[in-house]
1. For Met225, state whether it is part of a helix (DSSP H, G or I) and either over 30 Å from Thr51 (Cβ atoms) or not hydroxyl-bearing (Ser, Thr, Tyr) (or both).
2. Find all pairs meeting these conditions: Cβ atoms under 6 angstrom apart; at least six residues apart or on different chains; first residue within the range 45-57 and touching a residue at least 24 places away in the same chain (Cβ under 8 Å) and among the aliphatic types (A, V, I, L, M); second residue open to solvent by less than 10 Å² (accessible area, probe 1.4 Å) and part of a helix (DSSP H, G or I).
3. Ala42 is checked against (1) under 14 Å from Val182 (Cβ atoms); (2) modelled with pLDDT under 95 and fails just one. What number does that condition carry?
4. Could you please let me know if Thr159 is assigned to a loop (DSSP other than H, G, I, E, B) and either surrounded by fewer than 22 Cβ atoms within 10 Å (Cβ to Cβ) or in contact (Cβ under 8 Å) with a residue 24 or more places away in the chain (or both)?
5. Of everything in the range 96-115 that's of a type in the set (Val, Ile, Thr) and modelled with pLDDT under 95, which residue is farthest from Pro143 (Cα to Cα)?
6. Please state which one of Val202, Val223, Val187 is crowded, with 19+ Cβ neighbours inside 10 Å, within 25 Å of the chain's Cα centre (by Cα) and under 14 Å from Ala138 (Cβ atoms).
7. Hey, among Thr208, Thr197, which residue is touching a helix residue (DSSP H, G or I) at 6+ places or on another chain (Cβ under 9 Å) and farther than 22 Å from Phe90 by Cα?
8. Could you name every one of the helices (runs of 4 or more DSSP H) located completely within the range 11-107 that has at least 3 residues being β-branched (Val, Ile, Thr) and under 14 Å from the mean Cα position of the chain (by Cα)?
Amino acid sequence: MSFIKTTEQSSPYEHLEKMSVHELLTNINREDQTVPHAVAKAIPQIEMLVTEIVSKMKLGGRLFYIGAGTSGRLGIVDASECPPTFGVPFDLVNGIIAGGDKAIRRAVENAEDNATQAWLDLQEHQINSTDVVIGIAASGTTPYVIGGLEQCNEQGISTGCITCNVGSPLGQTAQFPIEVVVGPEFVTGSSRMKAGTAQKLVLNMISTATMIQLGKVKGNKMVDMQLSNNKLVDRGVKMIMGEIPVSYDVASELLHKFGSVRKAVEGYTLES
């Protein structure tokens, strides 16, 4: 099958500069509405990768995202939100971007073209065969990401990817490819738009489903979340009240004593 980079094909909309603000917003929104349908078609691929991640994490493994530009930043966002949301260690889910942390805010010239750097970046984390590495690249052609996955494959490390083109070099390299085909962008080639939205949706699905499978959610509540601000403390108190028959003040005392919703409920049950 020949590789067609649909993310780079011309937008179906012409003369954008002549559109009114209302027309621009309406047409962008119309395109955005196609993204969840494209993601839905990839659920079987996503399921296979999540199953692999869960099995490796149960063996003590970790998850790494590698990417460049928008894709790298999206991986970092997802990784950084796992500890406060699910109470997991900060090194369980990791985001690595081509060019290093300075590339989070400002593009680093030619960083994505270095096919050997990703493996060097991963080695700084003592990457091993219990870990899983997911390469993120809308185009599916980023050398930094492909090179990283190639080295992981050689070292017996499980690899996945999130791309928005079918049959890309990245998709052919990953053991567990996820291909979400969103088509041409509203602004030709601007893959931070529909492709970026698709990647974000898939990342949400991967990390959330993995954490639920690992027991980090009870019912539908984030019982292991970090209590890092007043809003989350209040939410935690109310979650405790929903689980055991205590007042707000008692629930607050329990939360302060045990440090998490899960431990507060379990501690109260043991003491009762």
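The values are calculated or read from the model by the stated rules, or taken from the named source; none is laboratory data. None of the values given here were measured: they were computed from a predicted structure. No Cβ is skipped: glycine too gets one built from the backbone with ideal geometry, and neighbour counts run over all protein chains shown. Note: areas computed on protein heavy atoms with side chains; ligands, DNA, RNA excluded. Shrake-Rupley method; radii C 1.70, N 1.55, O 1.52, S 1.80 Å.
1. Working: part of a helix (DSSP H, G or I): no; either over 30 Å from Thr51 (Cβ atoms) or not hydroxyl-bearing (Ser, Thr, Tyr) (or both): yes.
It is false that Met225 is part of a helix (DSSP H, G or I) and either over 30 Å from Thr51 (Cβ atoms) or not hydroxyl-bearing (Ser, Thr, Tyr) (or both).
2. Qualifying pairs under 6 Å: Val50/Ile206; Val50/Thr210; Ile53/Thr210; Val54/Thr210.
3. (2)
4. Numbers: assigned to a loop (DSSP other than H, G, I, E, B): no; either surrounded by fewer than 22 Cβ atoms within 10 Å (Cβ to Cβ) or in contact (Cβ under 8 Å) with a residue 24 or more places away in the chain (or both): yes.
When the stated conditions are applied, Thr159 does not pass them.
5. If we filter the range 96-115 for residues that are of a type in the set (Val, Ile, Thr), which is where we start, we get 96-97, 104, 108.
Then keep just the ones that are modelled with pLDDT under 95; that gives 104, 108.
Details: Ile104: 18, Val108: 15 Å.
Here the residue is Ile104.
6. On the way: Val223 fails: under 14 Å from Ala138 (Cβ atoms); Val187 fails: crowded, with 19+ Cβ neighbours inside 10 Å.
Residue meeting the stated conditions: Val202.
7. Values: Thr208 fails: farther than 22 Å from Phe90 by Cα.
Testing whether each residue is touching a helix residue (DSSP H, G or I) at 6+ places or on another chain (Cβ under 9 Å) and farther than 22 Å from Phe90 by Cα leaves just Thr197.
8. Numbers: elements: 21-32, 35-41, 43-57, 69-86.
In the range 11-107, the matching helices (runs of 4 or more DSSP H) lie at 43-57, 69-86.
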